[in-house]
Amino acid sequence: MTQPTSERIESLLTRYDFNGAVCHIDAFGNGHINDTFRIVVAMPDGTTSLWILQRINTAVFQDVAALMNNISSVTAFMQKKIAARGGDPLRETLTLLPSTDGHIFITDECGDSWRVYRFIENATSFQSADSNIFYESARAFGNFLQLLSDYPAQTLTEIIPHFHDTPARFRAFVRAVKEDKLGRAASVRREIEFLLDRENEAAALTALLDEGKLPLRVTHNDTKLNNVLIDDRTGRGLCVIDLDTVMPGSALYDYGDSIRFGASTAAEDEPDLSRVEMSMDLFEAYTDGYLETAGSAMPPLEKELMPMGAKLMTLECGMRFLTDYLEGDHYFKIHREGQNLDRARTQLKLVADMESKWSDMQHIVARFS
């Protein structure tokens, strides 16, 4: 998508009532999917209000109406819950501003789709964290699950079908190995065998969901640290943002992906595997925070399987990286040769490290349950 001109953005903003005059527009954030702008509005009383304007990437999210219906329904539900318990709905979840004709998103003359959120002031998202920030992000994601624990998840649209269908990911991996389009399989035989040896675990969570033994949840599906705002004044986890991938799933997907990404001691594409392990301090901090806010809404089996959630999300991610490497690096962007292979190897190293620490992981979960 081409960068929109300031005149085009100003024209879009006339379709919203900000109760004041737009006085400044600038690009905002470091997201890689949507285009984001911060809007400064001068209010009649001399103060300013801040808003976020986003152009939705329709190459990634093709059903914008379903996407926005998910977000609108979930945030409205959370706002009522937050207000009922005496919180601040305008700070503790996202707030959409409808256009003057009542639409939760608009489409411009170029066919692009746009939305406006209230900007949450005096709060920060972090790209990296110590154990305290990681703990606070866990409290925020756990609170997200707790607020939505009685939301009818089956009514949401599956924005990315089969996103965490680990058995389907495994079948795609096996197919890539058999086809071996670029002749790379022989050089990664050890990694292939590592994944094949764990085939029986691939369906551990999906089978329990299908059987109704795990609850179907409203899941975030992008539980990176920088998708939580931390209150600048209190230092507490405040609000979960970036709700584009909200859809039905398991809480163990969200918890597991947070551990996979946030508790690793190295970058996702670290070539030196001696630097890669799962930090037990970070695992403990996140588990503590998550169960502090979500634990009352989680049945015993769901809590018991939290280590498996961490392991399976890491295994699935490693599988996806290796599949992409075998198929020619067409899905995950690479900036150097072999980057997807390095990514796959870090994930498999994390899986092996989790397996070596399995009883410790189980004891930590049991202690906070």
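The values are calculated or read from the model by the stated rules, or taken from the named source; none is laboratory data. From a predicted model like this one, the values you see are computed outputs, not experimental measurements. Just the protein is used for accessible areas: all its heavy atoms, side chains included, with ligands, DNA and RNA removed. Shrake-Rupley method; radii C 1.70, N 1.55, O 1.52, S 1.80 Å.
Let me check against my output: what whole-number percent is the relative contact order of segment 65-160, with C-alpha pairs under 8 Å and at least 6 apart?
The normalised contact order for segment 65-160 reaches 30 percent.
Check cross-link reach from LYS224 to the aspartates and glutamates: straight Cα distance under 12 Å, and skip same-chain residues fewer than eight apart.
ASP242, ASP254, ASP257
Would you look at the GNM of the chain, springs on alpha carbons closer than 10 Å, and say which of THR166, THR100, THR245 moves the most?
THR100
Could you look at segment 191-341 and say what percent of its accessible area is carbon and sulfur, using a 1.4 Å probe and all protein chains?
For segment 191-341, the apolar C and S fraction of the accessible surface comes to 48 percent.
Full extension from LEU97 to THR2: what is 0.36 nm times the residue separation minus their Cα-Cα distance, to one decimal in nm?
31.7 nm
How much of PHE77 can a 1.4 Å solvent probe reach, expressed as accessible area in Å² and rounded to 10?
Per-residue accessible area (PHE77): approximately 50 Å².
Which of ALA263, ALA186, ALA203 moves most in a GNM of the chain, Cα contacts under 10 Å?
Residue with maximal mean-square fluctuation among ALA263, ALA186, ALA203: ALA186.
Match the structure shown to one of the listed values [x] 34; [y] 23; [z] 19 of percent of Cα pairs over 37 Å apart, computed from it, and give that label.
So the calculated entry is the one marked [y].
Given the options ARG190, ARG345, ARG320, state which has the largest fluctuation in a GNM of the chain using a 10 Å cut-off (strictly under) for Cα springs.
Sorting by GNM fluctuation, first place goes to ARG190.
Per residue, how large is the accessible surface of the chain? Use a 1.4 angstrom probe and give square angstrom.
The answer is 45 Å² per residue.
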